[in-house]
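The values are calculated or read from the model by the stated rules, or taken from the named source; none is laboratory data. Bear in mind that the values here come from a model prediction, so they are computed numbers and not experimental data. Cβ: placed from backbone, ideal geometry, glycine included. Neighbour counts: every protein chain shown. Ligands, DNA and RNA are excluded from the accessible area calculation, which covers all protein heavy atoms including side chains. Shrake-Rupley method; radii C 1.70, N 1.55, O 1.52, S 1.80 Å.
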Amino acid sequence: MYLGLRLRRWLRFCLLVSMTCLLLVRPGFSADRIYVNYGIIGRSISVESLEIYARTGELTDELASYSRYLTAEQLEGLRNGLVTRADVDVVTVSQFLYTPQGEAILAGLGDLVQTVGRQNGAKALRGAVIQAAADPEGLTAINVLKYFPTRGVRLDLQRLSSLASAAITAVNQTREVTAQLKEQSKQAARENALDRATLLFLPGTVSWTKQSYEAATLPTDLYLPTGENVPLVVMSHGLGGDRSTLAYLAEHLASHGFAVAVVEHPGSSESQLTELFEGRASEAVTPTEMVQRPLAISSLLDTLAADPTLQNRLDTDNVGMLGQSLGGYTTLALAGATLSPTSLATSCPPALSQLNISLLLQCLVPTLSRPFSVLEDERVKSAIAINPLGSAAFSETGYADIDIPLMMVSGSDDTVTPALAEQVRPFSWLTTAQRYLALIEGGTHFSAIYNPDAVEAVAVPEVVVGRRPDLAQRYVMALGLAFFETHLNQETDYSAYLTSAYAETLSQTALPLSLVKSVELVEGAV
């Protein structure tokens with residue numbers, strides 16, 4: 001009940017922010033009033049009252065009648081939101097809004113935010129945002145409305161209410177499932193206590209070197225430990241990442257005797273986003289990247305296996321795969337998950353009410369020519385997918401085709417690849433005997449990859465990164481080492497660390513960790 005009350009207040013606050021953002025315009029430029037419709041019932045608010053509040057903090061009589069729905073703190077937050085400047089330039093904004101993903105987002109928002117003539121507001125929103133970004137005052141809510149190109153704006157409150165209800169349901173379901181898995185993990189830990197607790201996140205003692213592997217068609221960093229015929233782990237970054245994204249984990253595994261190849265996918269890397277935002281590319285990611293990524297990994301393995309300078313150094317027939325986000329999708333494909341045209345046909349194009357941004361990427365797949373390529377590589381013997389996407393791309397039948405050991409790592413607060421939709425539910429579809437779900441309560445999409453020293457194409461706000469990413473990365477290092485020692489190096493003693501009991505010893509109050517090997521979703525969460 002407490003969650004529902006707080007969330008409803010927050011959603012109401014967000015609703016009024018949206019209303020005000022569409023109304024605060026200067027007379028003579030655009031909208032004079034905002035029209036709020038709920039079915040046949042309609043109300044309107046003058047722009048002048050809202051603008052006075054945004055500029056001075058004064059509530060006119062008209063606006064005061066609405067302010068009773070918000071606390072003083074929320075009102076102040078609303079006002080701050082109206083004048084806060086987004087740190088993006090006009091080229092960045094323009095380029096993104098003309099990508100297929102940007103247009104899909106605008107189309108969904110345009111059904112809620114309409115022109116005065118009840119038309120989809122996508123084009124009006126795009127023009128207003130681009131012009132606001134070019135304004136000397138920058139991209140603020142007030143400037144967006146200054147350039148909104150109609151004399152009135154309509155909000156479909158009924159659709160907004162449905163969207164809010166969907167958001168409330170999704171949040172509540174995720175919290176319920178998180179609590180269920182947390183208790184399930186704790187119960188398993190109580191039943192099978194661990195008699196030792198080695199700190200697997202500490203560096204190993206094996207010497208290793210790092211080199212740029214020029215023979216590969218993909219930009220690749222190769223971490224080579226001392227020894228012969230060592231197992232190989234390949235790492236794949238997410239959209240907007242590069243070879244530095246998972247470098248901390250590559251170094252950790254190399255220090256424990258694993259060879260690691262960290263690749264960079266040019267068609268979906270940090271440099272690709274930079275080119276997009278600087279106007280030198282038209283897409284954040286091309287549809288062909290959805291099949292080229294795993295195929296390029298297979299090509300890399302061919303190159304490594306045939307390289308005489310690496311003879312007897314690597315075991316390229318015994319490969320571990322690890323990826324995050326879009327790299328998690330790449331990992332699942334190489335592990336044996338098969339694409340599902342039927343699922344994609346029913347899920348694409350994605351609806352705004354699905355509240356799943358990752359579907360914008362998954363829905364690139366149906367635009368490709370068919371039949372789809374076989375993406376599995378039988379040299380991959382075990383895999384870890386961190387914050388992966390693939391619920392629509394693979395569906396239940398595709399996940400069931402995976403027959404190698406697989407670990408999924410999920411964050412309960414992931415808003416890019418939502419935990420319930422993209423990890424927990426797909427994990428329940430797995431049939432492979434050796435499967436593990438690590439759930440980080442409070443973890444976000446960026447917890448396992450955040451590097452405060454990295455230069456990023458898109459700055460990630462602290463609130464999006466979440467709390468204590470250092471703990472999330474510690475969990476990934478410890479569980480990743482235990483997983484690959486067990487299922488790649490065949491060191492069965494490490495299987496004791498792939499347990500709820502070991503997760504309990506790792507878990508910290510600031511960012512709790514749970515580990516389960518099966519999932520039965522609670523009623524209503526499916």
If you average 1/r over all unlike Cα pairs in the range 219-280 and invert the result, what Kirkwood radius do you get in angstrom? 12.4 Å
Shape call for the range 380-511, from the Cα gyration tensor axes a ≥ b ≥ c (a/c under 1.5 means rounded, otherwise prolate when a/b beats b/c, else oblate), comes out oblate
0 to 90° range, to nearest 10: angle between helix 326-335 axis and the chain longest Cα axis: 40 degrees
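Viscosity 1.306 mPa s, temperature 10 °C: Stokes-Einstein D of the range 104-192 from its Kirkwood Cα radius, in µm² per second?
Rounded to a whole number, D works out at 100 µm²/s.
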Count the lysine pairs in the chain whose Cα atoms lie under 20 Å apart, taking only pairs 8 or more positions apart in sequence or on different chains. 4
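Find how much the distance from residue 197 to residue 55 grows on full extension, using 0.36 nm per residue of separation minus their present alpha carbon separation; answer in nm with one decimal.
Numbers: separation 142, 0.36 × 142 = 51.12 nm, distance 5.83 nm.
Stretched out fully, the residue 197 to residue 55 stretch lengthens by 45.3 nm.
Compute the Kirkwood hydrodynamic radius of the chain, taking the inverse of the mean of 1/r over all pairs of distinct Cα atoms, and give it in Å to one decimal.
Hydrodynamic radius (Kirkwood, Cα only) of the chain equals 24.7 Å.
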Starting from 0.36 nm per residue, how many nanometres of slack lie between residue 228 and residue 84 once their C-alpha separation is accounted for? 46.1 nm
Test of understanding: what is the full-extension gain from residue 179 to residue 67, defined as 0.36 nm times their sequence separation minus their Cα-Cα distance? 36.7 nm
For the range 244-296, what is Rg from Cα atoms divided by 2.2 N^0.38 Å, rounded to two decimals? 1.44
Treating the range 181-298 as a set of equal point scatterers at the Cα positions, no solvent, please give the Debye-formula log₁₀ I(q)/I(0) at q = 0.12, 0.19, 0.21 Å⁻¹. -0.61, -0.97, -1.07
Kirkwood Rh over alpha-carbon pairs of the range 319-438 plugged into Stokes-Einstein at 10 °C, 1.306 mPa s gives a D in µm²/s of 114 µm²/s
Accessible surface of the range 86-156 [probe 1.4 Å, protein heavy atoms]: carbon and sulfur percent: 58 percent
To the nearest 0.05, what FRET efficiency results for residue 345 and residue 98 with a Förster distance of 35 Å applied to their C-beta separation? 0.85
Spin-label model distance (nm) - residue 307 vs residue 207, 7 Å beyond Cα toward Cβ: 2.0 nm
Please compute the modelled spin-label separation between residue 123 and residue 44, points set 7 Å along Cα→Cβ, answer in nm with one decimal. 2.3 nm
Restricting everything to alpha-carbon atoms, can you work out Rg to Rh for the range 186-225 with a Kirkwood hydrodynamic radius? 1.34
On C-alpha positions alone, give me the angle between the axis of helix 47-56 and the longest principal axis of the chain, in degrees, nearest 10. 70 degrees
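With a 1.4 Å probe and every protein chain left in place, work out the accessible area per residue of the chain in Å², rounded to a whole number. Could the numbers behind the result be given before it?
Working: 23070 Å² over 526 residues.
Solvent-accessible surface per residue comes out at 44 Å².
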For helix 469-487, what angle does its Cα long axis make with the longest principal axis of the chain, in degrees from 0 to 90 and rounded to 10? 30 degrees
How large is ³J(HN,Hα), in whole Hz, for each residue of the range 507-514 in order, when computed from phi with the Karplus curve 6.51 cos²θ - 1.76 cosθ + 1.60 and θ = phi - 60°, using x for Gly and Pro? 4, 10, 4, 5, 7, x, 10, 10
